[in-house]
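Read the structure below first, then the notes.
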2 protein chains.
Amino acid sequence: MNIKKSYSQFCPVARAAEIVASRWTPVLLRELIAGSTKFSDLRSGLPKMSPSLLSKRLRELEEAGIVEKFKAPKGFEYHITESGKELSPIVMTLGTWGQKFITDEYAKHELDPTLLMWDIQRRLETTFFPETGRFVAEFFLEGAPRERRNWWLIVNDRVVDLCIHHPGFENDIEIVASLRGLTDVWMGNISVAEAKKKKLLSLNGQKKFISSFENWFLLSVFAN
Amino acid sequence: MNIKKSYSQFCPVARAAEIVASRWTPVLLRELIAGSTKFSDLRSGLPKMSPSLLSKRLRELEEAGIVEKFKAPKGFEYHITESGKELSPIVMTLGTWGQKFITDEYAKHELDPTLLMWDIQRRLETTFFPETGRFVAEFFLEGAPRERRNWWLIVNDRVVDLCIHHPGFENDIEIVASLRGLTDVWMGNISVAEAKKKKLLSLNGQKKFISSFENWFLLSVFAN
DNA sequence: CGGTATCCCCCGCGATACTG
DNA sequence: CAGTATCGCGGGGGATACCG
């Protein structure tokens, strides 16, 4: 750490904060803890972070022993180390705190269909689906910009894929919701039942997938 | 939060990090959690933070509901709220993490006699001393700048006072140590016994205070 | 002392382009 | 796609003065 920028304290809170509490780092750690390892995947979870800054932060985390960089077939993989994993309680507790105490409704610029769908596909409960075969769910996000309004979640042999273009398969279920509504459901701010009643969310398609919706559509890890 | 500066994510980790992980804030929270309430006391624990920034951060924490500002006889008092107290595990875990994983020896600019003595006086175990009467300990910190080399801890009826000028009382005990040595002892990096053996620390004065040193001289909350 | 206002520098970081 | 290099600006925050 540059001496000019340093807090210049022997206290371990200060020494740790110099690394962990710099801009974007808690959010980057969240992504790494969630299991993303590829640069492009990290970018997906951090759409407003510039690639140069992401690159820089990864280098800093590597120097701090929080991340290890491995050569991959294409590019590199960034894996969180044991010491990095021990930051997990901090990041999770920070999120829990935020969920509890920051109760303002989401600002418009915080509602992001890409981020939402990215989080959804990451937590989809695939064990619910048959070991072999295909499942297709289409999402219509009202209020999202046209080119990011329609999404398809495809589960093929329990492997999840997220598409923004029509995959050519027939839908098993369609989820129609406002972007804000689905985000609120996802974050546990309102229940699925409540969202349906308020016409913020509706499910169409095969009965068995509709009735089991809450079994495979897990909510955010921070949902109450 | 200014939209330009915002992470623009609905994720509570991001929303919390915007407040809690900004520059200086974790260290300021440490001070508030430790019980400091006055502006000047906060400054003592944050000597390298400019007063204008401290003022700004306090305002931000107040807006976020983490701190409450009360009119005091002179100036104001800043008290941490219930929601702020729930940040305590985050700050403490961050410190514990730092203590465990940031093992570089302290850089010269991180060794600060004022900060060290401030922390020491805050954790002095006063119940060890008689309910009435005076106790005086003088510290000589070798390697500290001349004007901050000598310190007196005065416990009067169990109330601790820290002085940088000779108080005119006789010493009950004298602690002679290098600044780095005492810091390492304080942080639990080496034991008192080891420090004595290596001549990094020596105690002179009344036997009963020497033999009970480790009873009243508590170590940092982050010492192992 | 307790805190705010002002000034201004500098560098963090966003934007963009570029390269393998 | 997987990152790195460059460039330019904006404002964060440090220094200082100042006011109550």
Could you say whether any residue in the stretch B:204-224 is modelled with pLDDT under 95 and either in contact with a His (Cβ under 9 Å, 6 or more places away or on another chain) or within 20 Å of A:GLN9 (Cβ to Cβ) (or both)?
-> yes
The helices (runs of 4 or more DSSP H) lying entirely within the stretch A:52-151 that contain at least 2 residues which are in contact with a strand residue (DSSP E or B) (Cβ under 9 Å, 6 or more places away or on another chain) are A:113-123
Just name the residue that is nearest to A:LYS5 (Cα to Cα) out of those in the stretch B:12-37 that are out of contact with any helix residue (DSSP H, G or I) (no Cβ under 7 Å at 6 or more places or on another chain) and not in a helix (DSSP H, G or I).
-> B:ARG23
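Table: residues versus (1) in contact with a Gly (Cβ under 6 Å, 6 or more places away or on another chain); (2) within 13 Å of DNA strand C (Cβ to nearest atom); (3) more than 10 Å from chain B (Cβ to nearest Cβ).
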| position | (1), (2), (3) |
| --- | --- |
| A:GLN9 | no, no, no |
| A:PRO12 | yes, no, no |
| A:ARG15 | yes, no, no |
| A:GLU18 | no, yes, no |
| A:ASP41 | no, no, yes |
| A:GLU63 | no, no, yes |
Only one of (1) within 16 Å of DNA strand C (Cβ to nearest atom); (2) closer than 16 Å to B:LEU28 by Cα; (3) of a type outside the set (Asp, Glu) fails for B:ALA72. Which number is that?
-> (2)
Filter result for B:LEU58 (within 26 Å of B:MET117 (Cα to Cα), within 8 Å of DNA strand C (Cβ to nearest atom) and aliphatic (A, V, I, L, M)) = yes
Within the stretch B:3-19, can one find any residue that is assigned by TED's automatic domain parsing to the domain that holds B:GLU86, within 16 Å of DNA strand D (Cβ to nearest atom) and touching a strand residue (DSSP E or B) at 6+ places or on another chain (Cβ under 8 Å)?
-> no
With (1) modelled with pLDDT of 95 or more; (2) at the interface with chain A (Cβ under 10 Å from one of its Cβ atoms) as the list, and B:PRO47 as the residue in question, which single condition is left unmet?
-> (1)
Tell me, yes or no, whether the stretch A:92-111 has at least one residue that is of a type outside the set (Lys, Arg), over 30 Å from B:TRP97 (Cα atoms), more than 10 Å from chain B (Cβ to nearest Cβ) and surrounded by 15 or more Cβ atoms within 10 Å (Cβ to Cβ).
-> no
Exactly one condition in (1) at pLDDT below 95; (2) closer than 24 Å to B:PRO12 by Cβ is not met by A:ALA193; state its number.
-> (1)
Among what's in the stretch A:21-39 and is within 13 Å of chain B (Cβ to nearest Cβ) and within 13 Å of DNA strand C (Cβ to nearest atom), pick the residue that is surrounded by the most Cβ atoms within 10 Å (Cβ to Cβ).
-> A:LEU28
B:LEU162: crowded, with 19+ Cβ neighbours inside 10 Å and either of a type in the set (A, V, I, L, M) or within 19 Å of B:LEU201 (Cβ to Cβ) (or both), yes or no?
-> no
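The values are calculated or read from the model by the stated rules, or taken from the named source; none is laboratory data. Please read all numbers here as calculations on a predicted model, not as lab measurements. Glycine also receives a Cβ, built like all others from the backbone with ideal geometry; neighbour counts cover every protein chain displayed.
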